[in-house]
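Structure first, then comments.
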Amino acid sequence: MKRFYISIISILLLLIFLSCDNNSSSSNNNANADSSSSNNNANAESWLDAPSLKEAFVDGGYFDRFGLACELGELSNSSIAAGLKHHANTTTPGNELKPQFIFWYPKPSQYTTFKASNGKTIDVPASINFAAKMDPYLNAAKSAGMQIRGHVLTWHSQTFEWFFTEEYADKVITDSSGKPTNLVDKDTMTARQEWYIKSVLKHVEEWEKANGYGDGNHLIYSWDVVNEAVADDAADNSTEYLRGSTINTKNPILNDYGCTDNGSRWFQIYGDNEFIINAFRFANAYAPADVTLCYNDYNEYMDYSGEHGAWKTSGIIRLLTDIKNGEAKTVNGELVKPRIDVMGMQSHVGSGWPRADGYENALKRFLEFGIDVQITEFDIATSNADDTTNWKSYFDMLKKYSKKGSEISKYDGHYLTGITIWGINDENSWISNGGSQHPLLFKKSGSNIVTKKCFYSVLNSVK
């Protein structure tokens, strides 16, 4: 699965640890005879014939959900859909529910008015092109018998520049110092944010009602309300931890889609975390009460002193605290507080970093905060063709924080509620790198998808 716009810092860190992996791959291969596996076949088997991950982890009572992420083209393929249903009960789209894909490129040419809860009346697009990408994904998930993690409502990336500009101008204009001069004011942006979140969530509500879903049975059971808002080079203070406030994130980098990558138009408009707290308030107002609301981020296990700061875990805890303590304001005629239910851990780990114990430290901090955790994206970047050692190490650790885990009594009922593997097979992974990386549990064999030995390492962690 291809995923866009990972930060330069994150990529550099990953490359460093991959070089370490190349030096140790031969010893790992010897260790990867996987003596822990009672089903250690030399010959791979079809993923349709293999034991079910869903049965082991969900039916077995460990997690509420076990997921495999996929794109619309994969989900619409009947043979792939059959494998997904065999191994998972949830999926996450790589792109189809991001603002760029919900709008589906063309800037709207017709507008209507929207009266926002802050009293501001603004012009907004007369319609959103839900039929282009979003609805086909919802339909395909329904046909496949899968639930969906909604990804994502508010993000600095893959959101068109015109969404942030006065009169919906195509480009952000800057002065000689690089400062934007045509971004909208905070009140206008807050009104636009409310309109967008309301429009998306109400559309899903109407779609679910028309397709036999309802309370306690949602197609989209959880939303990433805000994504990747804390900087990789976060400082250990209250003013320089958000994306846009730090040395490496102050100036947005434009990409081919006119969206910001390293920086944040959101932060340029607000200068603080107000837009994040607003997002969780709006989501609470317009989402069903039994749909969980999530903050999602990557490198969330990175917490150490660096040259320009690298206190990302601490920065995330600081942000979660502000969301949780956010005040009630009137939304759609009612007093509404921000609601946050879940911390989403994007876990694109390397074979040598952060290792299971380093990852565990961050996981425990989020649970201690008093919130459930979902591992929203998991893969292991490794040049080892079948890295059973790391997969076993991570899942042996993760199961401790499940519903049946030994650690659950320590966190006031909060636990690791679900895991989504970020992709189906190595060859289609967003980090396959032409076949030099082998990050997932399945691989291609001709036209078939088959198991790897690390699949049994994961399966046997709960056997």
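Quick one: helix 134-144 against the long Cα principal axis of the chain, what's the angle to the nearest 10°, folded into 0 to 90?
Relative to the chain, helix 134-144 is tipped by roughly 30 degrees.
When the solvent-accessible surface of protein heavy atoms is calculated with a 1.4 angstrom probe, in what order do S177, S436 fall, highest first?
Listed by decreasing accessible area, they come as S177, S436.
Accessible area, 1.4 Å probe, largest first: how do I277, I371 sort?
I277, I371
Consider the candidate values (1) 22.7; (2) 24.5; (3) 23.7; state which one is Kirkwood radius over Cα pairs in Å computed from the structure displayed.
Label of the calculated value: (1).
Please determine, in degrees from 0 to 90 and to the nearest 10, the orientation of helix 312-324 with respect to the longest principal axis defined by the Cα atoms of the chain, where the helix direction is its Cα long axis.
The angle comes out at about 50 degrees.
Of all beta bridges DSSP finds with both residues in the chain, what is the antiparallel percent, to the nearest 5?
If I count the DSSP bridges inside the chain, around 35 percent turn out antiparallel.
Say R0 is 30 Å: what FRET efficiency, to the nearest 0.05, do S109 and N139 get from their beta-carbon distance?
The value I calculate is 0.65.
Once ligands and nucleic acids are excluded and a 1.4 Å probe is used, how much of I408 is accessible, expressed in Å² to the nearest 10?
50 Å²
Take the Cβ-Cβ distance between D49 and I173 as r, set R0 to 45 Å, and report the resulting FRET efficiency rounded to the nearest 0.05.
Details: r = 59 Å, r/R0 = 1.30.
That gives a FRET efficiency of 0.15.
In degrees, nearest 10, range 0 to 90: what is the angle between the Cα axis of helix 355-369 and the longest Cα principal axis of the chain?
Roughly 50 degrees, rounded to the nearest 10.
Suppose all protein chains stay in the model; what accessible area per residue would a 1.4 Å probe give for the range 305-407, in Å²?
For the range 305-407, the solvent-accessible area averages 35 Å² per residue.
In what order, largest first, do E206, E45 sit by accessible area if the probe radius is 1.4 Å?
Largest accessible area first, the list is E206, E45.
The values are calculated or read from the model by the stated rules, or taken from the named source; none is laboratory data. Quick caveat, the model's predicted, so the values are computed rather than measured. Cβ: placed from backbone, ideal geometry, glycine included. Neighbour counts: every protein chain shown. Quick note on the areas: whole protein, heavy atoms, side chains included, nothing else; ligands and nucleic acids left out. Shrake-Rupley method; radii C 1.70, N 1.55, O 1.52, S 1.80 Å.
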